[in-house]
Amino acid sequence: MIRKIVSMPGDGIGKTVLPEAIRVLNATGFKAEYINADIGWDFWCSEGNALPKRTIDLLQEHKIGLFGAITSKPKDDAVRELASELQNKGYVYFSPIVGLRQHFNLDICIRPCRSFKGNPLNFIRKDSRGGFTEPIVNTVIFRQNTEGMYGGVEWTNPPKNVREALETHPKMKIFADTPSEELAISTRIVTKKATERIFKAAFEFAKEFGYKNVTVCEKPNVLRETSGMYLKIARQTAKEYPDIKLLDTNIDAQMMWLTKNPEDYGIIVAENMFGDIISDGFAGLIGGLGFACSANIGKEVSVFEPTHGSAPKYQMLNPSIVNPIAMILSACMMLDHIGEKEKADKVRIAIADVVEEGKVRTYDMMKLRGGADVFSKGACTTQEMTDAIIAKL
């Protein structure tokens, strides 16, 4: 069977790394037809829509997508870059990847943060004897993907009916003298159904892959209602898995502890924004965003993407300097999802071999500042890293 995969390069370096991942997929013998789909900044500027309906239709039909990266800019900057014929017609920019998550209810985001032996970017710490240790990091973040702070329910200069509704809450008294035109309001909405679903998925993942604990990472001592719901449902779900220990940490304290004892954490579950923060924190321990992959899982449609941005400053460099490993690992997650785990594991082993061998390294792995001069200092090109991984296969 030849699968049809919707290929969405997007913006910036997304257009560079996604073809490299496809090269690796082809090298495994995976048979697929890649259908290019339009998404990103160019389509916002020319059409007023960064996520055209034709792309949504392709994902609806084929169910699986590989995504590169997108460029997002603040509201006023986005409006200024619209084509002249679209100016002053009410177009509002909204992140297309967030739009995909919400349209298809891709509510479970899985972000593995696993260190590769020999990576010079791995986290190290001093030991009690004055030497150094390199803890093995193997943490998987389950980020709720469609709700919370990223739900998009917000206002600048809230309408009268919104303000009146908010003022029924006693805590709004401190803003009573603030004119509406000086107010910007964002909501944090959490639902019981979605929260139950992500904790069930997290505990099942821990059970399947042998993780000993699940941590709920929130802030229930302050965000008593939303984080409180997370903690309550985490405790309820944990009763079904007596062999898996439930931990709970506050997001601020967790950011300290992840550099104190990262090896202690298996699965971490958090709301959208907190999950975004904690996954980037753990990604820093394993080599940065060049190694950070993710899956957006819905009941029907799933999209796989690296968590790095579009890095437009590197797009025009020729040859390319960027690290394709995060994109390749995201493609591995796609293989896992569609039942091709053997091929996915072979790619991961090939990546591990290249990293440990240390002969081929991208500029970030050499701790160099990005620029055209990195090759003279020994860095490989994007394509050379892919070539090395394919050679190991």
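All of the numbers you see were taken from the coordinates with simple rules; none came from a lab. Not measured: the values here are computed from a predicted model. Glycine also receives a Cβ, built like all others from the backbone with ideal geometry; neighbour counts cover every protein chain displayed.
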query = Filtering segment 59-101 down to residues that are β-branched (V, I, T) and closer than 22 Å to A331 by Cα, which residue is surrounded by the fewest Cβ atoms within 10 Å (Cβ to Cβ)?
reply = I64
query = Any idea which residue in segment 363-393 is surrounded by the most Cβ atoms within 10 Å (Cβ to Cβ), counting only those that are in a helix (DSSP H, G or I) and among the small types (G, A, S)?
reply = A388
inquiry  = Against the definition (part of a loop (DSSP other than H, G, I, E, B) and either over 22 Å from the mean Cα position of the chain (by Cα) or surrounded by fewer than 23 Cβ atoms within 10 Å (Cβ to Cβ) (or both)), how does E300 come out, yes or no?
reply    = yes
remark   = Flagged in segment 311-329 as over 14 Å from I389 (Cβ atoms) and in a helix (DSSP H, G or I), in numbering order, are P312, K313, Y314, Q315
inquiry  = I'd like the full set of residues that are over 30 Å from D243 (Cα atoms), in contact with a strand residue (DSSP E or B) (Cβ under 8 Å, 6 or more places away or on another chain) and not β-branched (V, I, T), limited to segment 161-203.
reply    = L166, L183, A184, S186, R188
key: When residues of segment 266-297 are limited to those that are assigned to a loop (DSSP other than H, G, I, E, B) and either within 25 Å of E225 (Cα to Cα) or among the hydrophobic types (A, V, I, L, M, F, W, C) (or both), the one farthest from the chain's Cα centre (by Cα)   = I286
request  = Output yes when any residue across segment 360-374 is among the hydrophobic types (A, V, I, L, M, F, W, C) and closer than 30 Å to E61 by Cα, and no when none is.
outcome  = no
ask   = Condition test on V360, is it more than 22 Å from the chain's Cα centre (by Cα), assigned to a helix (DSSP H, G or I) and either at positive phi or buried (at least 17 other Cβ atoms within 10 Å of the Cβ) (or both)?
value = no
message = Within segment 118-171, take every residue that is in contact (Cβ under 8 Å) with a residue 40 or more places away in the chain and on the phi > 0 side of the Ramachandran plot and give me the one that is surrounded by the most Cβ atoms within 10 Å (Cβ to Cβ).
response = G148
